[in-house]
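Read through the structure below, which is laid out as structure tokens, and then see the notes.
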């Protein structure tokens, strides 16, 4: 049998560190103090998003720790095996309501929007505001072993999630939008031009080479702060947080080709890696080709020879 990773979930295996992330130094401008309901003082910081009305509508407030894993493989119709990520949140403290379950599994792919973090880090603490339905109530009242993938809680029952271990610097950087301008390919780099590069149906080699030069000469300075890079590039298409406080941001180039995979279709990927101090440590720009077959979609990075043949740039920068 062949192994297949089900799209869009991605399997990531990593060792779990023994300690949490080292938070970056907070900014000098403190957020204003605010009154918090009983039980949340010392948990929710001024820079954390908190909606009192939404919280009051949730009968269960549960302090958890994110500890992802995988569900047992399921056989696919073609004899392959589907492996799914298990987004498990182990219960640490019941702040409000009644919970006997040792934790809950969430459908993170469905929890999108301003009431939820853009991404989650293993071993971080998350405060869940829950309004469970009958099935969810039965789950939370069950002190026995955790259940399976069909028992995950989605947006109907998870009203909001707060990343309690998010630092003030992270929170500030997450709010930065693309605003900077500069000289680019004989013209001007503006947020609109960057958006157009990402929205192009296929990568244009000449424009992509200009992008690579601009990245290397202007944006990708060694140890550039996350907020500064975000001022050029804005929020990424996806980001991944690690337990040690480091992270990676990914920007897709030629989004239409990425969103609708076609055989031999090309798209680009710009990945930026940051350390626990939110300083830029690596840049990887490359282009990938889709392989599309029944029950399978996968993409692979072009070889160095293929990059050259297509006139597409390749960047691999590491900063110490």
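Where a number appears in this text, it was derived from the coordinates with a stated rule and is not lab data. Source: prediction; values computed, not measured. Every residue, glycine among them, receives a Cβ derived from its backbone with ideal geometry; neighbour counts consider all protein chains shown.
Subtracting the Cα-Cα distance of residue 300 and residue 207 from 0.36 nm times their residue separation leaves 31.3 nm of extension gain.
If you wrap the chain in the convex hull of its Cα atoms and look at it from every side, the mean projected area works out to 18.9 nm². Between residue 67 and residue 149, the modelled label-to-label distance comes to 2.2 nm, taking each label 7 Å out from Cα in the direction of the beta carbon.
Remark: the residue 276-residue 90 segment gains 64.6 nm on full extension, using 0.36 nm per residue and subtracting the alpha carbon distance. Over segment 176-318, the Kirkwood radius and the radius of gyration, each from Cα atoms, give a ratio Rg/Rh of 0.97. When the alpha-carbon atoms of segment 107-171 are used, the pair Rg, Dmax equals 13.1, 40 angstrom.
The antiparallel fraction among DSSP beta bridges confined to the chain stands at about 95%. In terms of the mean number of neighbouring beta-carbon atoms within 10 Å, the peptides 277-283, 50-56 order highest first as 277-283, 50-56.
Annotation for segment 52-127 versus segment 305-320: alpha-carbon center distance of 38 Å. Here segment 100-239 is treated as a sphere whose radius is the Kirkwood value from Cα pairs; by Stokes-Einstein at 4 °C and 1.567 mPa s it diffuses with a coefficient of 71 µm²/s. The calculated FRET efficiency for residue 217 paired with residue 291, based on their beta-carbon distance and R0 = 30 Å, is about 0.30. FRET efficiency for the residue 156 to residue 309 pair, using the beta carbon distance and R₀ = 30 Å, is estimated at 0.05. Neighbour counts of other Cβ atoms within 10 Å put 284, 264 in the fewest-to-most order 264, 284. Taking label positions 7 Å along the Cα-Cβ direction at both residue 109 and residue 74, the computed distance is 0.9 nm, reported to one decimal. The Rg/Rh ratio of segment 253-307, with both radii computed over alpha carbons and Rh defined as the Kirkwood radius, is 1.10.
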